[in-house]
Amino acid sequence: MADTKKTIYQLSVDEVLSKVSATKDGLSSEQVSGRREEFGPNQLVAQKRTSILQKFIAQFKDLMIIILIIAAIVAGLAGEHVDAIIIIAVVILNSVFGVFQESKAENAIDSLKEMSAPMATVLRGGQTQSVKSEDLVPGDIVLLEAGDVVPADLRLLEANSLKIEEAALTGESVPVDKDVATIEDSDLPLGDRNNLAFMNSNVTTGRGLGVVVYTGMNTEVGKIAHMLNTADEQTTPLQENLTQLGKMLTWLILIIAVITFVVGLLRGTETVINMLLTAISLAVAAIPEGLPAIVTVTLALGTQQMARHNALIRKLPAVETLGSTDIICSDKTGTLTQNKMTVEKVFLNGQLTDANQVSVDLSDQLAQIMVLNNDTKFQPDGLVGDPTETALIQYYLNNKLPVSEFISEHVRLAEIPFDSERKLMSTFNQYPDGTIQMNMKGAPDQLLKRVTRIIDNNQVRSITSDDIQKIQDTNHSLATSALRVLAFAYKPVTEVPTELTSEAQENDMIFVGLIGMIDPERPEVYQAVAEAKAAGIKSIMITGDHQDTAKAISSRLGIIDDINDSRAVMSGSELEELSDDEFDRRVEDVSVYARVAPEHKVRIVKAWQKKGKVVAMTGDGVNDAPALKTADIGVGMGITGTEVSKEASDMVLADDNFATIVTAIKAGRKVFANIQKALQYLLSANLGEVLTLFIMTLMGWQILAPVQILWINLVTDTFPAIALGVEPAEPGIMNRKPRGRTSNFFSGGIMTNILYQGLFEGLITLGVYAFAIANPVHSTDALIHADALTMAYATLGLIQLFHAFNSKTIHQSIFKVGLFKNKFFNWAMLASTILLVATIVVPGFNQMFHVTQLNSSQWMVVLFGGILIVIITEVVKWIQRHVLNED
């Protein structure tokens, strides 16, 4: 068992049995016991998990969470215990949610385990037994039948019409014909190792016998489980941006607080206690306490919108990550295509025609062969059988023909079963008039060797070399267009022959026609790929199918523009031969990968990530799970997807519709834009507060109290900022290029906006304060300064509420996007205004908030100060659009 997997399929049956020290009669009980001790149970092993408590504690390592805790402490020291409790509640809720999401993500290995066969039929000591699959050991002889799940990795010893469906593991869209022949080629992809059967794949037809060569974590599925265990968790652009913001704010807060404290003491007019309270006020003003909560709420609202469009978000940051996607790496089968074979072309009477344009009737010879030479079973919930054969039946069912009744009336008397060497199948059917007809289907090149005549417009004549050449040319044309081609022939016989062999019976046939089948692309995918391209997003197909099939499908979908561009398509074996440096140089040229293994998909994703790209990976199979987990955002399929792929994903498509991804990307872009708007609003407001307090301190003026700053932050930061998170998408959002991984919340002129808007907010507030001092209503200094401080407090609050309207759009005029379209925003503004004004006009609040009653003229000054920020911002936006040409 020291040999690697690639040597197993190169060994003969006898060599493999010798290698694993087994015989076709199976192992003895003593051998089984010894090997179970040596190799352990045939199970997948999950990575050691962290406890719930450890996960919970880990949530507090985030810098923004630490800042929130500091804010809670500051609020508590300032006597605002309610605010402190609210902030701590937000911290705990965020942490609980993070633990919940992390726990759900660990279920991928459990899903892999659930796919395993619970029982297996084995030969031990020459006797057939049914044992738990976990008890299998290398050397066990396993019997396979249609409907079985392969319980371990096997080298096949016998294969009778054996087909195994491996789409979840290899990406191959149709069941694979299995045989026992030794393969000489080395380094073959999994899909070409036809003498092996892989754990967790499904037997669709036939019977087989195999010897266990690998169990548990040594199987191909075990390798995937190992990759899932060791895959790096990618931080999302949102998480990276919040981390950077947290670091910046931490240093900014410390520097401002220290400078203010030192300057105040150097002036010699303030006590240490007073300056400590001032420094605390500045810290409170600088901390956007509501930002993590607002981000969470905005993301949560984004998930609800996406759910309405069949995109189910499993991890909140994935909402925003979608908006920054540069690359979509998509599995072909079941994602770009429908994962069901469909008859697309018919070659009959020397003419190639689209299948939907052919007049079909069960009296036609082609129709009769297609439905009678067919092992499809009719079940209440649909057709069951080989996808190729069910496609032939479905073609006639779609044309409303009584296929089941026709089959019942044309009894199958005998057959020569399909085998992978001759690639043909023949049946003998008795017709209602008593005649017997031999019907044949199979690979065109093999069938043509056995025909001597051809049916031409209902007339049988000898086949000519020109006929054969035309058939071969048509076959080649269909095959290079990614179609799977079958040929059909027949001949009348007088009786069922006693010698049912290919050599004796499969000759002197009458050629009828060809049909071309394909796993068709989803009709909406072409438009989705085009929309993604217009948005600057590159779509990449990654499939286990053959290169010609992948190339043709990708061309039909618009993934590659030139089907003859050899650099745009790469096979798994080509990728295997490239070093990391060589692949890094080529990765930007490649749009299609064919015949790839799971580790290749991970390598492709990582190559793009190294170039700073945000990568989304779609997939539905077990083989996709490691790449789904490695990608910045994994997109699983809800209908055709395995539980393994869903658990490894950040988002699941409930309708398996590729176009849903484009819709989700649009929603993700809107979410990021809205978070930017909220961030611009919050930080410019906080900057205005900091400048106000800092300059008041330098000027020796009375400054706003911590309770006033906390109340302004509470009423202006919470409701308006959340309301900005649900602003509708601005026009043209999908015409912008992806912002990518290197961008952040301050890209696109946001930092400039924060600085000038915060500066003007502070200056206007200070201007109102200075105006109140210069134009007093009262005669005593105490009342003059009290009124001035109250007007500054009211102005600073109202100016932020007016500024929320500015923040509805980054560069456009607010009069263009609509002032009152967002009903939630309207109610939020009304509630915040009432809460702010109530602290001044409602009796009893004056002492609590250290404010005085204002008269109408004073309120007019305050109101003018609030409106002034709208005027200034509109002027600057106009300059940005028309003079600086900023978008």
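The values are calculated or read from the model by the stated rules, or taken from the named source; none is laboratory data. Worth saying up front: this structure is predicted, and the values here are computed from it rather than measured. Positions of Cβ are generated from backbone atoms using ideal geometry, with glycine treated the same way; all protein chains shown enter the neighbour counts.
Overview of values
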{"item": "Filter result for the condition that a residue is more than 48 Å from the chain's Cα centre (by Cα), in the same structural domain as residue 299 (by TED's automatic domain parsing), farther than 19 Å from residue 694 by Cβ and not in a loop (DSSP other than H, G, I, E, B), over 766, 783", "result": "783"}
{"item": "Of all residues making up region 735-763, the number that are of a type in the set (Ser, Thr, Tyr) and either in a helix (DSSP H, G or I) or at pLDDT 85 or above (or both)", "result": "2"}
{"item": "Of all residues in region 757-806 being over 18 Å from residue 714 (Cα atoms) and polar (S, T, N, Q), the one that is surrounded by the most Cβ atoms within 10 Å (Cβ to Cβ)", "result": "765"}
{"item": "Selection from region 719-762 of residues that are polar (S, T, N, Q) and touching a residue at least 60 places away in the same chain (Cβ under 8 Å)", "result": "735, 742, 743, 744, 753, 757"}
{"item": "Residues satisfying the stated conditions in region 667-689, i.e. more than 36 Å from the chain's Cα centre (by Cα) and either surrounded by 23 or more Cβ atoms within 10 Å (Cβ to Cβ) or not in a helix (DSSP H, G or I) (or both)", "result": "685, 686, 688, 689"}
{"item": "All positions within region 545-573 that are among the polar types (S, T, N, Q) and surrounded by fewer than 20 Cβ atoms within 10 Å (Cβ to Cβ)", "result": "547, 564, 566, 571, 573"}
{"item": "Residue among 371, 411 that alone is surrounded by fewer than 19 Cβ atoms within 10 Å (Cβ to Cβ), hydrophobic (A, V, I, L, M, F, W, C) and farther than 25 Å from residue 477 by Cβ", "result": "411"}
{"item": "Only listed residue being within 26 Å of residue 612 (Cα to Cα) and at pLDDT below 75, chosen from 296, 278, 325, 321", "result": "296"}
{"item": "Every pair of residues 6+ apart whose Cβ atoms lie under 6 Å, when the first sits in region 822-839 and is under 16 Å from residue 790 (Cβ atoms) while the second is of a type outside the set (A, V, I, L, M, F, W, C) and assigned to a helix (DSSP H, G or I)", "result": "836/797"}
{"item": "Region 596-629 - residue that is small (Gly, Ala, Ser) and in a helix (DSSP H, G or I) and, of those, farthest from residue 544 (Cα to Cα)", "result": "607"}
{"item": "Strands (runs of 3 or more DSSP E) (entirely within region 103-159) containing at least 3 residues that are assigned by TED's automatic domain parsing to the domain that holds residue 197 and modelled with pLDDT of 90 or more", "result": "119-124, 141-145"}
{"item": "Any hit, region 318-334, residues being small (Gly, Ala, Ser), under 16 Å from the mean Cα position of the chain (by Cα), assigned to a loop (DSSP other than H, G, I, E, B) and under 30 Å from residue 558 (Cβ atoms)", "result": "yes"}
{"item": "Test: residue in region 362-385 that is among the acidic types (Asp, Glu) and closer than 18 Å to residue 510 by Cα", "result": "yes"}
{"item": "Sole residue being assigned to a helix (DSSP H, G or I), in contact (Cβ under 8 Å) with a residue 60 or more places away in the chain and not small (Gly, Ala, Ser), chosen from 703, 709", "result": "709"}
{"item": "All strands (runs of 3 or more DSSP E) inside region 447-562 with 1 or more residues being within 21 Å of the chain's Cα centre (by Cα) and over 29 Å from residue 193 (Cα atoms)", "result": "538-542"}
{"item": "Test: residue 335 is over 30 Å from residue 588 (Cβ atoms) and not aromatic (Phe, Trp, Tyr)", "result": "no"}
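Matching residues to (1) hydroxyl-bearing (Ser, Thr, Tyr); (2) modelled with pLDDT under 90; (3) under 24 Å from residue 725 (Cβ atoms):
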site: 803; (1), (2), (3): no, no, yes
site: 816; (1), (2), (3): no, yes, yes
site: 822; (1), (2), (3): no, yes, yes
site: 829; (1), (2), (3): no, no, yes
site: 833; (1), (2), (3): yes, no, yes
site: 864; (1), (2), (3): no, no, no
